[in-house]
Amino acid sequence: MIGIVGATGSGKSTLAQLIPRLYDPTDGEVCVGGVNLKEVNEKSLRATVSFVLQRAILFSGNISDNLRQGKKAASNQDLKRAAEIAQAAEFIDQYDDGFEHLVEERSANFSGGQKQRLSIARGVVGSPKILILDDSTSALDARSEKLVQEALDNELSGTTTFVIAEKISSVIHADRILVLDGGKLVGVGSHKELLKSSPIYTEIYETQKAKRGN
Amino acid sequence: MVDVKRAIKYFASYLKQYWISLTFVVVITIVSTYFQVKAPSYMGKAITELANYLGQYMNPTTHAIASKTPFYHALESMMLFFILTAITMFISSFLSSRVSAQASGRMRIGLFAKLQRMTIKYFDTHRDGEILSLFTSDLDNIFNAMNQAIFQLLSQFALFVGIIWMMFDQNVKLAWVTMASTPVAIIIAWVIISRARHFIDAQQDATGNMNGYINEQINGEKIIITQGLQEESIAGFMPHNEKVKQATFKGQVYSGMLFPLMQGLSLLNLAIVIFFGSWLIVSEGMDKAVGLGLIVVFVNYSQQYYQPITQITSIYNMLQLAVTGARRLSDVHDQDEEINPADGQELSSIKSGVTLENIHFGYTADKEILHGVSIQVDKGEMVALVGPTGSGKTTVMNLLNRFYDVDDGAVKFDGVDIRHLDLKSLRDHVGIVLQDSVLFSGTVADNIKFGAPKATEEDMINAAKQANIHEFIVSLPAGYQTIVDDENSVFSTGQKQLLAIARTILTNPAFLILDEATSNVDTVTEARIQAAMDNVIAGRTSFVIAHRLKTILGADKIVVLKDGKVIEQGSHEALLSKGGFYSELYHNQMVFD
């Protein structure tokens, strides 16, 4: 798990958008598995990289239609597992029609948090090799966020996960954390290493710890 | 038929202010029709005079007195009438174009203004594409119909009546012969039209659905790209497109059949008229010259006689589309508007506070979201609403600003039910920072001044400073005059939120609603916002909906919402010591933090 932290506007989302090749770099190259993305077959890239956006967007249809956008051939078991990882199973189970429950136009029948969970479920249903969570848990309560992270650790242990977060606490257990500031990488390392090596990281951490109030 | 009635009512409501122009159009059309139907009779007369002249000229006894003058006179009259027909037609079409352009302009204004008065519910339940097609498709159809079809209808009807009148004036028997095939023509036209109508309706529906699909897909383009769903997206487009194609094709086949059929029928009728006409002349022993003139006149009339039938049936498509358009527009006009009480009380400031009293509410009748929620926000207090996803937090906010009306219970400002408050005064005093901060195209300054366009430069800069976005703005090359063209380009999510906060600060609201306003920004920015908000909140009554417990630690009161019910409320300490749901939530967050 790789964490990406930094101030608003520091370029976290921009960096993340280069991995699924939503944009091509002006200069330099992005390599996945050692291969330049410009030379990678698009289909195989999409199957390898899954990107969960900050703004959860669902399409009209039903829940399973939406989740299967992550993997067309997903079995019911796959859907169930993805929903459990994303902590969406708890509300899906409450519907009489379960995964067949209708997603209305503009997904008006789901709350912000429910949409985010379904969006995460869609991202993980295909067990991608690379998963990018771009502040995708912003509308989740802390308990759910924690459960999602734990489930990702257990269920998708072979997946490289990029977590873009505002809170250091969201990435504190990451194997490596990238610290961005004004479009530059100013620190790389584990939480402990960064506390020693990166003053910017330490400052963010201290501010957040102080705000926590205890 | 109900549709047609509604369409006529809709048109009438917009056309009645142009009654002077319209009356003029009708009069000119009648005059024009008179010239048009009268002209062939001079043609007949010219032929008769010519035949007379030739007869006299050929006859040695009358050779000397043969004169072409009557022939020239008839020819002159015929020319004059044709020219007058053209001129009056031009005037009538000029006037009617002007009326239809003005009327559809007013319809567009009416529609847009109506949309701005609609409830949030309408926008929540209708796709953007559907709403947009009211402007792009329905209004266009109406304009086309008004511009061509309706006035065509008027002039063709006048022509029809005029020709019949003239025919009976010229020769009763031949008039009957010309009209004999009318029932056949009408039956054929009616059968074809009713088939075409079915497909035209289907075409409209299919187009609406297709636009909705396109809109949704484009809106979710990032998902489509990252999930590699482009092919699926195109595949999903196919059936929509196929339906549009099929319906358009079938509709066009049927309506396209009409014209050649009517044309054929008209030619057949022409042959009958000529045949019967010559038989009549011979059997009644009519004068040769007069008979020849009569035949020419009726050849003309029989062709003109079919013109209204063909025209009216071929513009039927257009009329049908216009009727459908008018129905959809009048549906929109019948939608609920935001109810502004007639003499609603003005809200000047908040004196005692805001209360929610035993509120029951659901977006649809069969699913209640809030089951008897009561919350008291005293003046100057900051109340925080917390609760798990889907507990109804956003719904509470929707009710506080009267986006929706409660099913039962009441929302009260200073003890007055908000349904009795003047809506504008309510909204003027309520400031909201939503989850999604929306920027409009324009400059940064325009965006900050959005809620208070008359604010001074100084006030605007102060608001930006309080929102901690001033430094960033002045660091941009064009400063406050920076153009916001693409929502995502210059500003990050956090910065957009700061701008939205500056916008809210500038409106100086007495009551503040914050919906997770600080959840999308990094902690440094969040700290800035928090500091700014602390200043804004001071002296204001505020209501914060947040998932992050730390942002609400400073609240005077915390209300815990779960499954549409208030399960706990009180101060942070009181709730912690109670050891209930809040304390569990809090400890979980802290463990996680």
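Just so it is clear, none of the values below were taken in a lab; they were calculated from the coordinates. Since we're looking at a predicted model, the values are computed, not measured. With ideal geometry, Cβ positions are generated from the backbone for all residues, glycine too; neighbour counts draw on all protein chains shown.
On the principal axes of its alpha-carbon atoms, the protein assembly as shown has extents of 133, 65, 56 Å, going from largest to smallest.
Along the axis of the charge dipole computed for the protein assembly as shown (Cβ charges of +1 for Lys and Arg, -1 for Asp and Glu, origin at the Cα centre), the listed residues B:Gln203, B:Asn215, B:His240 are led at the positive end by B:Gln203. Taking the convex hull of the alpha carbon positions in region A:89-194 and averaging its projected area over all directions gives 8.3 nm². With the charge dipole of region A:96-214 set up from +1 on Lys and Arg Cβ and -1 on Asp and Glu Cβ about the Cα centre, the Cα lying farthest toward the positive end among the listed residues A:Ile120, A:His173, A:Ile130 is that of A:His173.
A simple charge model with +1 on the Cβ of Lys and Arg, -1 on the Cβ of Asp and Glu and nothing else charged puts the dipole of region B:353-592 at about 220 debye relative to its Cα centre. Simple spin-label estimate for A:Thr207 and B:Met257 gives 7.4 nm between the two label positions (7 Å along the Cα-to-Cβ direction from each Cα). Shielding by partners for peptide A:109-118, expressed as the average number of C-beta atoms from other protein chains within 10 Å of each residue's C-beta, is 4.
Ignoring aspartates and glutamates fewer than eight residues from B:Lys5 along the same chain, the ones with Cα atoms less than 18 angstrom from its Cα are B:Asp138, B:Asp201, B:Asp331, B:Asp334. Within the shell defined by Cβ-Cβ distances under 14 Å, the residues around B:Ile418 carry a net charge of -3, with Lys and Arg each +1 and Asp and Glu each -1.
So what is the calculated 222 nm ellipticity per residue for chain B, using -39500 (n - 2.57) for each DSSP H run with n of 4 or more, over all residues, to the nearest 500 deg cm²/dmol? It comes out at -21500 deg cm²/dmol, rounded to the nearest 500. Note on region B:353-592: antiparallel DSSP beta bridges, both residues inside, total approximately 55 percent of the bridges counted. Once the gyration tensor of the Cα atoms in chain B is diagonalised, the equivalent ellipsoid follows with semi-axes of 75, 25, 22 Å, ordered largest first. Between the Cα long axis of helix A:76-85 and the first principal axis of chain A there is an angle of about 40°, rounded to the nearest 10.
Counting Lys and Arg as +1 and Asp and Glu as -1 over every other residue whose Cβ lies under 15 Å from the Cβ of B:Glu216, the net charge comes to -3.
When only the Cβ of Lys, Arg, Asp and Glu is charged (+1, +1, -1, -1), the dipole of region A:7-57 relative to its Cα centre reaches about 280 debye.
Lysine pair count for region B:353-592 (Cα-Cα distance under 20 Å; residues 8 or more apart in sequence or on different chains): 25. Spin-label model, B:Trp165/B:Thr364: points 7 Å from Cα along the beta carbon direction are separated by 5.9 nm. Estimated from the Cβ-Cβ distance and a Förster radius of 30 angstrom, the FRET efficiency linking A:Thr159 and B:Ile218 is about 0.50.
Calculated mean residue ellipticity, 222 nm, chain A: -11000 deg cm²/dmol, from DSSP H runs (n ≥ 4) at -39500 (n - 2.57) each, averaged per residue and rounded to 500. A crude spin-label estimate for the pair B:Asp459 and B:Val282, with each label 7 Å from Cα along the Cβ direction, gives 9.5 nm.
Can you give me the relative contact order of chain B as a percent, contacts being Cα pairs under 8 Å and 6 or more apart? Relative contact order here is 15 percent. Computed about its Cα centre, the charge dipole of the protein assembly as shown is approximately 1920 debye, with only Lys, Arg, Asp and Glu carrying charge at their Cβ. Positive contributions from Lys and Arg (+1) and negative ones from Asp and Glu (-1), summed over other residues with Cβ under 11 Å from the Cβ of B:Gly409, come out at -4.
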